[in-house]
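Shown next, in structure tokens, is the structure this report addresses.
The values are calculated or read from the model by the stated rules, or taken from the named source; none is laboratory data. For clarity, every value in this text was computed on a predicted model and none was experimentally measured. For neighbour counting, all protein chains shown are included, and Cβ atoms are generated from backbone atoms with ideal geometry for every residue, glycine included.
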Amino acid sequence: GAVVSQHPSRVICKSGTSVKIECRSLDFQATTMFWYRQFPKKSLMLMATSNEGSKATYEQGVEKDKFLINHASLTLSTLTVTSAHPEDSSFYICSASPFLAFEETQYFGPGTRLLVL
Amino acid sequence: AQSVTQLGSHVSVSEGALVLLRCNYSSSVPPYLFWYVQYPNQGLQLLLKYTSAATLVKGINGFEAEFKKSETSFHLTKPSAHMSDAAEYFCAVSGSGGYNKLIFGAGTRLAVHP
């Protein structure tokens, strides 16, 4: 149980294009999903908290217009990197918390590696 | 405010030896604490978590961690290392009380040699 998937697992795109990454909770409903970015050999940095049916909450320093987050259902959140540039190349990981009282655990997706040429 | 410090970015042990990965936290509220493992090019897998119940927490793959409030520590241990334990390990803290964001430590890379 508690499986989170991400699609695509790897994506290569040209500079200036937009890329959409999907995060799905496969066997549970998640009112809250999180998006992280991980640089090589570094820890995870929280980018934003995504709440179903409302606007995402972005961490300080994260550009809202560049990293668009949509959480349209209890099992799906999407991250769109708009007008991608080489510096956006990174490993993006999502996580989800089950819609259960006192359930604190975040379950992580396998990650999406983005390379912008 | 919350923070996590993992002492030692790299730890190397022999197969069969004790594994000890250190984690200290800072939290202004009762913390929930987690250890995650990450294999290359993969997401994070939960090893174990402390959520204010028993202070000694047992997780998967033979790992366990002990919450010590007086030392603000949550060190991860395993009595006997296996080659398959080689990975990156992250300690994380969140505030108790629902859907709080995780704050991660910098990570510790565990190498296991024959």
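Those residues that are hydroxyl-bearing (Ser, Thr, Tyr) and within 22 Å of A:LEU44 (Cα to Cα), I need them from segment B:25-71; list them, please.
Of segment B:25-71, the ones hydroxyl-bearing (Ser, Thr, Tyr) are B:25-28, B:32, B:36, B:39, B:50-52, B:55, B:70.
Those that are hydroxyl-bearing (Ser, Thr, Tyr) and within 22 Å of A:LEU44 (Cα to Cα): B:TYR25, B:SER26, B:SER27, B:SER28, B:TYR32, B:TYR36, B:TYR39, B:TYR50, B:THR51.
Restricting attention to segment A:5-50, and to residues there that are aromatic (Phe, Trp, Tyr) and in a strand (DSSP E or B), which single residue is nearest to the other protein chains (Cβ to nearest Cβ)? If you could, list the steps in order and put the result at the bottom.
Start the filter on segment A:5-50 by keeping residues that are aromatic (Phe, Trp, Tyr), which leaves A:28, A:34-36, A:39.
Retained after the next criterion (residues that are in a strand (DSSP E or B)): A:34-36.
On the way: A:PHE34: 7, A:TRP35: 11, A:TYR36: 8 Å.
This residue is A:PHE34.
Could you list, in sequence order, the residues of segment A:26-42 that are more than 12 Å from the chain's Cα centre (by Cα) and buried (at least 19 other Cβ atoms within 10 Å of the Cβ)?
We begin by selecting, within segment A:26-42, every residue more than 12 Å from the chain's Cα centre (by Cα); these are A:26-31, A:39-42.
Scanning segment A:26-42 gives a single hit, A:ALA30.
Are there any strands (runs of 3 or more DSSP E) wholly within segment A:55-117 with 3 or more residues that are among the β-branched types (Val, Ile, Thr) and either surrounded by fewer than 21 Cβ atoms within 10 Å (Cβ to Cβ) or at pLDDT 90 or above (or both), and if so which?
Details: elements: A:67-73, A:76-81, A:90-97, A:112-116.
Filter on segment A:55-117 gives A:76-81.
For segment A:76-96, indicate whether the set of residues that are of a type in the set (Asp, Glu) and either closer than 17 Å to B:TYR36 by Cα or within 11 Å of chain B (Cβ to nearest Cβ) (or both) is non-empty. Break it down into steps so the answer makes sense when it comes.
Quick first cut of segment A:76-96, residues of a type in the set (Asp, Glu) only: A:87-88.
Okay, now just the ones that are also either closer than 17 Å to B:TYR36 by Cα or within 11 Å of chain B (Cβ to nearest Cβ) (or both), so none.
No, that holds for no residue.
Output the residues belonging to segment B:4-26 that are surrounded by fewer than 18 Cβ atoms within 10 Å (Cβ to Cβ) and farther than 13 Å from B:PHE74 by Cβ.
If the condition is that a residue be surrounded by fewer than 18 Cβ atoms within 10 Å (Cβ to Cβ) and farther than 13 Å from B:PHE74 by Cβ, then B:GLY8, B:SER9, B:HIS10, B:SER12, B:SER14, B:GLU15, B:GLY16, B:ALA17, B:LEU18 are the ones that fit.
Just the residues that are over 20 Å from B:MET83 (Cβ atoms) and over 10 Å from the mean Cα position of the chain (by Cα), please, taken from segment B:19-49.
B:TYR25, B:SER26, B:SER27, B:SER28, B:VAL29, B:PRO30, B:PRO31, B:TYR32, B:GLY43, B:LEU44
Pairs, please: C-beta under 6 Å, at least 6 apart or cross-chain, first residue within 18 Å of B:PRO79 (Cα to Cα) and modelled with pLDDT of 95 or more and in segment B:100-114, second of a type in the set (A, V, I, L, M) and part of a loop (DSSP other than H, G, I, E, B)?
Close Cβ pairs (under 6 Å, with a partner that is of a type in the set (A, V, I, L, M) and part of a loop (DSSP other than H, G, I, E, B)) amount to B:LEU110/B:ALA86; B:ALA111/B:ALA86; B:VAL112/B:ALA81; B:VAL112/B:ALA86.
Enumerate the strands (runs of 3 or more DSSP E) found wholly within segment B:31-84, keeping only those where 2 or more residues are within 14 Å of another protein chain (Cβ to nearest Cβ). Break it down into steps so the answer makes sense when it comes.
Numbers: elements: B:31-38, B:44-50, B:56-58, B:64-68, B:73-78.
Fully inside segment B:31-84 and qualifying: B:31-38, B:44-50.
Any residue that is under 10 Å from the mean Cα position of the chain (by Cα), under 24 Å from A:PRO110 (Cβ atoms), modelled with pLDDT of 95 or more and surrounded by 20 or more Cβ atoms within 10 Å (Cβ to Cβ) - is there at least one of those in segment B:67-75?
The answer is no; no qualifying residue exists.
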